[in-house]
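J.: Following this message is one structure expressed as structure tokens.
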Amino acid sequence: MPTEQVARAVLALAIAGLLAAVGAHPRVRQWERRFGLTVLATSGFPFLLLGLLFREMGVLTAPLLADLRPAFQFGLGWVGFTIGTNLDLRRIDRLPPSFTPAIALASTIPVLCTAIACSLVLGGLGVLPGLGLIRDVLVLCACAAVSAPANLRRLLGRGKPLATQLVTEITRMDQILALALLGLLAIIFRPDRTQTLWHLPRSGWFLMTLGLGALLGIVVYLLLRRVKGATEELAMLCGGIALAAGMAGYLALSVPVVCAIAGAVLINSPLERGEQLERTLREFERPIYLLFLFIVGASWRPDEWQGWLLALVFAVSRGYGKFLAARAAVTLQPELAERRPLAIALLPESTIAIIVLFSAATVVEPMAPVRWAINAVIIGSILTEIAVQWFLRREGAAA
């Protein structure tokens, strides 16, 4: 790589890192919470545009992104590890028993609606039925599953604490479902045999994913059980996540899925500093999201009309699924809030969708439908955010 190009790449990454630190500032988070906005539609959108700009300038090239793959895998591992801590069985056991069917329906109905609608559109765009169509639909379904709750105080805070708790648990389980679909994608669509050293059937890779994640969770627990300070804990945590991400990447497994399993094993172990561990993980999560938005912007193709069509269908089908899910949840839980505020609270799209997109792009080949999926998720999240703000204003006026 020429010296001038190296200097431009280092400058671009430095700018992105500085802006990510600014975007993670508490003032920015407070401003987003105040207006009920999501990261993807506010502070994250400039990172998408910045990545698009640097790609057009020839800075973010494919060889450069390939050289930075170990750093990206560490970021995927950190986010996956954080999501895995949502699967705390002790917290789940304390939930009301009636929450289980409501959470299951609220998580699966939008996925099914998106799968049906996007399958028809992709078939009309020329994607032949088979593994290719299954691959593209799995990516979109994983992105449709995750939710970033809107302003719960404005929508659900009218003496309905049970509704707020339900929305929080639904968004946590949505992330688990998205990673489950991502893991299924990595097991079905394996890279070429010449690129991997191990050759196993799909059932073997499934057991390998579960076993490796559980083993690494135990290793991280052994590293963290005797730490005494926050600095030592952060150092051990970085080492454990780097080990998990490196082993998963070496075996061509889904890095966030393996690390999520490790995080779930760790959070359910007899660890004394479990709450402090979760705070540490979430403190560094937001800058990683913003940097991934910067990289995904380099793969964004807003000039492809197929992506815009798919974005419209993706946003409508996902939104319709969220309203159906809210209706089912209210039917199962009559003491909840009204179904419209509950659906609006579940409507915004989480930044986890970007992690799913980036991880899926490293698993499957960069074909045209994958680019359409990136456009669909980005444009669909913006359309969804516009709809959410319109609903919020309408609910506020009615109140």
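J.: Checking the a/c ratio against 1.5 first, then a/b against b/c, what shape does the Cα gyration tensor give for the chain? Walk me through the numbers on the way to the answer.
T.: Numbers: a/c = 1.32, a/b = 1.13, b/c = 1.17.
Rounded, because the longest to shortest axis ratio a/c is under 1.5.
J.: Using +1 at the Cβ of each Lys and Arg and -1 at the Cβ of each Asp and Glu in segment 265-331, identify which of G307, N268, L293 lies farthest towards the dipole's positive end.
T.: Farthest towards the positive end: G307.
J.: Among L253, L197, L332, which one moves the most in a GNM of the chain with springs linking Cα atoms closer than 10 Å?
T.: Evaluated over the chain, the most mobile residue of the options is L197.
J.: So, with +1 on the Cβ of K and R and -1 on the Cβ of D and E, and no other charges, what is the size of the charge dipole of segment 174-291 about its Cα centre, to the nearest 20 debye? Don't jump to the answer; show the numbers that get you there.
T.: Details: 10 positive and 9 negative charges, 52 e Å.
That gives segment 174-291 a dipole magnitude of about 240 debye.
J.: Which value, in debye to the nearest 20, describes the size of the charge dipole of the chain about its Cα centre when Lys and Arg Cβ atoms bear +1, Asp and Glu Cβ atoms bear -1, and nothing else is charged? Could the numbers behind the result be given before it?
T.: Values: 35 positive and 25 negative charges, 170 e Å.
Using only the charged Cβ atoms, the result is roughly 820 debye.
J.: Could you please state, rounded to a whole Å, how far the C-alpha centre of segment 53-121 is from the C-alpha centre of segment 282-337?
T.: 11
J.: Sticking with this structure for a sec: Which order do you get for R69, R27 if you rank them by accessible area with a 1.4 Å probe, largest at the top? Provide the component values of the computation, followed by the final result.
T.: On the way: R69 110, R27 175 Å².
Result, largest first: R27, R69.
J.: Note the full-extension length gain between C238 and R225 as 0.36 nm times their separation in residues minus their Cα-Cα distance, in nm to one decimal. It would help to have the intermediate numbers written out before the result.
T.: On the way: separation 13, 0.36 × 13 = 4.68 nm, distance 1.47 nm.
Working it through step by step, the gained length comes to 3.2 nm.
J.: Next question. For L324, L49, give the ranking by accessible area with the largest first, probe 1.4 Å.
T.: Working: L324 60, L49 80 Å².
The most accessible residue leads, giving L49, L324.
J.: Once neighbouring chains are kept in place and the probe is 1.4 Å, which whole percent of the accessible area of segment 248-379 is contributed by carbon and sulfur? Please report the intermediate quantities before stating the final value.
T.: Numbers: 2850 of 4750 Å².
Looking at segment 248-379 in its full context, I get 60 percent from C and S.
J.: Also, I was wondering about something else. Give the residue from G229, A248, L95 lying farthest towards the positive end of the charge dipole for the chain; charges sit on Cβ (+1 for Lys and Arg, -1 for Asp and Glu) and the dipole is referred to the Cα centre.
T.: Highest projection toward the positive end goes to L95.
J.: For the chain, what is the relative contact order in percent, using Cα pairs closer than 8 Å and at least 6 residues apart in sequence?
T.: Numbers: 554 pairs, mean separation 125.7, N = 399.
About 32 percent, as a whole number.
J.: Can you tell me the dipole magnitude for segment 234-337 around its Cα centre, using point charges on the Cβ only (Lys, Arg +1; Asp, Glu -1), in Debye to the nearest 20? Mind showing how you got there, number by number?
T.: Details: 8 positive and 8 negative charges, 39 e Å.
Taking the Cα centre of segment 234-337 as origin, the dipole is about 180 debye.
J.: Within segment 46-102, what whole-number % of the accessible surface is contributed by carbon and sulfur, with the 1.4 Å probe and all protein chains included in the calculation?
T.: On the way: 1830 of 2620 Å².
Carbon-and-sulfur percentage of accessible area, whole number: 70.
J.: Highest mean first, what order results for 179-191, 90-102, 50-62 on Cβ atoms within 10 Å?
T.: 179-191, 50-62, 90-102
J.: Let me ask something else. Filter the GluC sites (Glu not before Pro) in segment 264-332 to those in DSSP coil with at most 14 other Cβ atoms within 10 Å of their Cβ, and list the result. Could you put the intermediate results ahead of the total?
T.: Details: sites: E272, E275, E278, E283, E285, E304; in loops: E272, E304.
Taking segment 264-332 and a limit of 14 other Cβ atoms within 10 Å, the loop GluC sites (Glu not before Pro) found are E272.
J.: Then there's this: I want to verify a result. In a Gaussian network model of the chain, Cα cutoff 10 Å, which of these has the top mean-square fluctuation: A248, A66, A315?
T.: For the chain, modelled as a Gaussian network with Cα springs under 10 Å, the answer is A66.
J.: Over the chain, average the accessible area per residue using a 1.4 Å probe and give it in Å², no decimals. Before the final figure, lay out the partial values.
T.: Details: 18190 Å² over 399 residues.
For the chain, the solvent-accessible area averages 46 Å² per residue.
J.: For segment 220-300, which trypsin sites (Lys or Arg not before Pro) are in a loop by DSSP, counting at most 12 other Cβ atoms within 10 Å?
T.: Numbers: sites: R225, R226, K228, R273, R279, R282; in loops: R225, R226, K228, R273.
Here the trypsin sites (Lys or Arg not before Pro) that fit, given the DSSP loop and packing criteria, are R226, K228.
J.: Sorted by packing (mean other beta-carbon atoms within 10 Å per residue), highest first, where do 133-141, 75-83, 379-387 land? Can you show the working numbers first?
T.: Details: 133-141: 23.3, 75-83: 27.1, 379-387: 20.8.
Highest-to-lowest ranking by the protection proxy: 75-83, 133-141, 379-387.
J.: A further question on this structure: Mind running the shape call on segment 164-260? Use the C-alpha gyration tensor, a ≥ b ≥ c as the square roots of the eigenvalues: rounded below 1.5 for a/c, prolate if a/b tops b/c, oblate otherwise.
T.: Working: a/c = 2.64, a/b = 1.26, b/c = 2.10.
Oblate shape, in that a/c is at least 1.5 and b/c is the bigger or equal ratio.
J.: Would you mind classifying segment 213-298 by shape? Square roots of the alpha carbon gyration tensor eigenvalues, ordered a ≥ b ≥ c; an a/c under 1.5 is rounded, otherwise it is prolate if a/b is larger than b/c and oblate if not.
T.: On the way: a/c = 2.14, a/b = 1.33, b/c = 1.61.
Oblate, because a/c is 1.5 or more while a/b does not exceed b/c.
J.: With the contact rule set at Cα under 8 Å and sequence spacing of 6 or more, what percent relative contact order holds for segment 182-327? Mind showing how you got there, number by number?
T.: Numbers: 83 pairs, mean separation 36.7, N = 146.
Here the relative contact order equals 25 percent.
The values are calculated or read from the model by the stated rules, or taken from the named source; none is laboratory data. Source: prediction; values computed, not measured. Positions of Cβ are backbone-derived with ideal geometry, glycine not excepted, and every protein chain shown enters the neighbour counts. Just so you know, the surface numbers come from the protein's heavy atoms only, side chains and all, with ligands and any DNA or RNA stripped out. Shrake-Rupley method; radii C 1.70, N 1.55, O 1.52, S 1.80 Å.
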